[in-house]
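Below is one structure, written out as structure tokens; the observations come after it.
The values are calculated or read from the model by the stated rules, or taken from the named source; none is laboratory data. In this text the structure is predicted, and so the values were computed from the model without any measurement. With ideal geometry, Cβ positions are generated from the backbone for all residues, glycine too; neighbour counts draw on all protein chains shown. Quick note on the areas: whole protein, heavy atoms, side chains included, nothing else; ligands and nucleic acids left out. Shrake-Rupley method; radii C 1.70, N 1.55, O 1.52, S 1.80 Å.
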Amino acid sequence: MSVTPDDIKQVLESMLGAFAQQSLAAYQAVASNETVANAVEAAKKGDYQMFHFGLCHPLEQVVDGLLADVTRSHEARFLLKHSHFVESHFRYLIEKREGAACCADKSRTLMRVLLRFYVTGEEIRFDYVQDFTYHLPRTVFTTHGDIVAFFVGVYCLYYGRPEAYLKAMADVLQQASGAESA
């Protein structure tokens, strides 16, 4: 039996449809809530401020309160709250410099060690002589300083201050291109 591109397309469309149905079901479970209903009206009117302050902000306050109870580290709280945003920046550069193989494993590793650093203060060090190293970046984000500097750049970018991010990005690209020419 051979698998055709149409077969793959059908499977992917089914999966995406299932995800969309789950999201719709989750929304419908709370649609009658007054806060949610007000957010729907604000969204329909294009009032992004009322949508944010009516729905997103209260949810963010809950998350912020939970995280404040978990850790005193602002950086750790940011990593937990915005993990997808941060990880996607690491993953993009890893994929660009090292290829797609294991880039998700590598970016998840970076997130774990960064979080551990900000919670415990333990410096980031990778053991490249262990049996399995598929999850360790090879050409970018190999040192504590590089990892933290890039994270600080992403942190600043999130808050609309791109200078540290642009510098960190330039450093990573320059370092990676230097490794290629060596």
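One table, with the values for the structure above:
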{"item": "Condition met for residue 175 (part of a helix (DSSP H, G or I) and open to solvent by 70 Å² or more (accessible area, probe 1.4 Å))", "result": "yes"}
{"item": "From 85, 117, residue being under 13 Å from the mean Cα position of the chain (by Cα) and either modelled with pLDDT of 95 or more or farther than 30 Å from residue 37 by Cβ (or both)", "result": "85"}
{"item": "Hey, residue 98 among the acidic types (Asp, Glu), surrounded by 14 or more Cβ atoms within 10 Å (Cβ to Cβ), without any contact (Cβ under 8 Å) to a residue 40 or more places away in the chain and in contact with a Ser or Thr (Cβ under 7 Å, 6 or more places away or on another chain) or not", "result": "no"}
{"item": "Residue within region 151-168 that is over 16 Å from residue 86 (Cα atoms), open to solvent by 60 Å² or more (accessible area, probe 1.4 Å), hydroxyl-bearing (Ser, Thr, Tyr) and not in a helix (DSSP H, G or I) present", "result": "no"}
{"item": "Candidates 119, 70, 86, filtered to the one that is of a type outside the set (Asp, Glu), touching a residue at least 40 places away in the same chain (Cβ under 8 Å) and open to solvent by 60 Å² or more (accessible area, probe 1.4 Å)", "result": "119"}
